[in-house]
Structure formats: structure tokens, C-alpha cells
Amino acid sequence: MPDYTALKLLGIAGVLSYGVARLATKAGVVGYNRYTLVAVPIAGMPKMPRGYRVEPIAPEKLAALEIDANAEEQDRRFDQGLTCLAAYNARDEFVGITWVGTAPFEETMVHLRFEVPDMAIWDTGLWIHPDHRLGRAFAALWAGTGEWMAARGRKWSMSWIADYNLPSLLSHRRMQSATVGHITTVRFFRWQYMAQGVPKIVRIDRDAPPIMRMNLPSPALENA
């Protein structure tokens, strides 16, 4: 359970979401998820740390590395048009990856398809090698994301975060992230309900995933 400081930062909704998600997991046949949708402006992303570089990695080269996504998940992400960006330090050691893309992206954690605006990208699956989590790999991967966006004229990187994942919420906040919405899904056996999607109720093993169209933050935030 989160400590008192975390509870204050998460708020009532985050605390309730944490508790309900744990109960749903124990129940087995019921699933519950609540996510915060965030957008990070390119202006809030860090500069590339000295000695680091980030570049796209080919599927066959990624397959030779040990990362958090198995071969099937890697293929699924590449098939959906995502680009895998790999980070390397000054000693040319592989330190982590992140996935970025502009096309619609279907998630597997819930039955859902995300669509982002023309001026945005979708980011997912940032992972840092355990041996390099105390270094500048996180900053490098976000700097690389910003470079990838700038080359394509995009201004926002959008993603979703479990609303009780305090470390991730805070790290995004430090990059001037804006909250653009929330997603709540409830699964009962093969049926899923999501108030924000279209359609709201789907059968997971038979129906196409509902579509979640994400909105950009206000122009005032972009220029802040």
C-alpha cells in the first residue's frame, strides 16, 4: 500500500483505483484499470546527456538483446509501425529502449486502440537496463524521443500511466506534462466496459477494440 506522502500526492481517485485494481486482480474473473492520459511537450524534454546517443534499432538487432518485451511483443509493436529507439552511453554500452510512433496503436493490457493527433506521437514501453538505472539513460531516452519528434514536426508525446504509478506520474510532471484525460476499464470474463471509448462495451475475444481519440492540451500549455 502507498505510504502517507504518496497518498496525498495520488489523491482520493488514485488511492481508490489502487485498492480496486488489487481486489479485481485477486478476483481473477474481474479486471479493473484506471489510467491517466498525459502529454509531454517537446520543450519539456531534456537535452541529450554528454556521451550518450539514441538511434533506431532494427528488429533483428533488438532480438539479440535481453529486454523486458519478448519476441512476440516486439513483433507486435514493429507490425503496428512503432519505432524502437535504443540508447547507448559513452562506452558504447546498450542502456535502454523506448518505443515511439505516429500511427494508431493497439494495447494488450486492455482491449483498446489509441489514436493521437497529427502534432503528437505515441510513446510506450520505456525500459532501462538494470545495470544503468542510476545513470543518465532515462534522460537520454527522452532526449532521443524529442529528437525523433523534431525530425517529424511533432510537438507532443502522449502516453498512458496507471493513475497510482506515482514515480512515473512525477517523472512526467518534471517534463511539464499535461493531463489530457482518464481511462477506466472494467472487464467481466470476456466483456469489457470503457466509458470513454467508442463503442463502450465490447467482447474481447470477438469484437474490434474500442477507439480512444486523444486530444491535445490547450495552446496556452504548449507555449508555456
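Results, tabulated for the structure shown:
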{"item": "From Leu221, Leu216, residue being closer than 20 Å to Ile42 by Cα, open to solvent by 60 Å² or more (accessible area, probe 1.4 Å) and at pLDDT 85 or above", "result": "Leu216"}
{"item": "Residue match in the range 117-133 (condition: surrounded by 16 or more Cβ atoms within 10 Å (Cβ to Cβ) and on the phi > 0 side of the Ramachandran plot)", "result": "yes"}
{"item": "Strands (runs of 3 or more DSSP E) contained entirely in the range 106-224, each with at least 2 residues that are among the acidic types (Asp, Glu)", "result": "none"}
{"item": "Counted residues, the range 70-114 - those being in contact (Cβ under 8 Å) with a residue 60 or more places away in the chain and under 18 Å from Gly146 (Cα atoms)", "result": "2"}
{"item": "Helices (runs of 4 or more DSSP H) contained in the range 1-93 and holding at least 1 residues within 19 Å of the chain's Cα centre (by Cα) and at pLDDT below 95", "result": "4-27"}
{"item": "Some residue of the range 51-65 being open to solvent by less than 10 Å² (accessible area, probe 1.4 Å), in contact (Cβ under 8 Å) with a residue 12 or more places away in the chain and over 24 Å from Pro41 (Cβ atoms)", "result": "yes"}
{"item": "Qualifying residue in the range 147-164 (condition: over 27 Å from Pro46 (Cβ atoms) and either of a type in the set (Val, Ile, Thr) or surrounded by fewer than 16 Cβ atoms within 10 Å (Cβ to Cβ) (or both))", "result": "no"}
{"item": "Some residue of the range 105-113 being farther than 20 Å from Ile42 by Cα, modelled with pLDDT of 95 or more and among the acidic types (Asp, Glu)", "result": "no"}
{"item": "Subset of the range 115-136 (residues that are under 22 Å from Phe78 (Cβ atoms) and either of a type outside the set (Phe, Trp, Tyr) or without any contact (Cβ under 8 Å) to a residue 24 or more places away in the chain (or both))", "result": "Glu115, Val116, Ala120, Ile121, Asp123, Thr124, Gly125, Leu126, Ile128, His129"}
{"item": "Selection from the range 186-210 of residues that are within 17 Å of Val38 (Cα to Cα) and either touching a residue at least 60 places away in the same chain (Cβ under 8 Å) or in contact with a helix residue (DSSP H, G or I) (Cβ under 7 Å, 6 or more places away or on another chain) (or both)", "result": "Gly197"}
{"item": "Whichever residue in the range 125-176 is hydroxyl-bearing (Ser, Thr, Tyr) and modelled with pLDDT of 95 or more and, among such residues, is nearest to Pro49 (Cα to Cα)", "result": "Thr145"}
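The values are calculated or read from the model by the stated rules, or taken from the named source; none is laboratory data. Everything quoted here is computed from the prediction, not taken from an experiment. Heads up, the Cβs are rebuilt from the backbone with ideal geometry, glycines too, and the neighbour counts pull from every protein chain shown. Side chains are part of the model used for accessible areas, which takes the heavy atoms of the whole protein and leaves out ligands, DNA and RNA. Shrake-Rupley method; radii C 1.70, N 1.55, O 1.52, S 1.80 Å.
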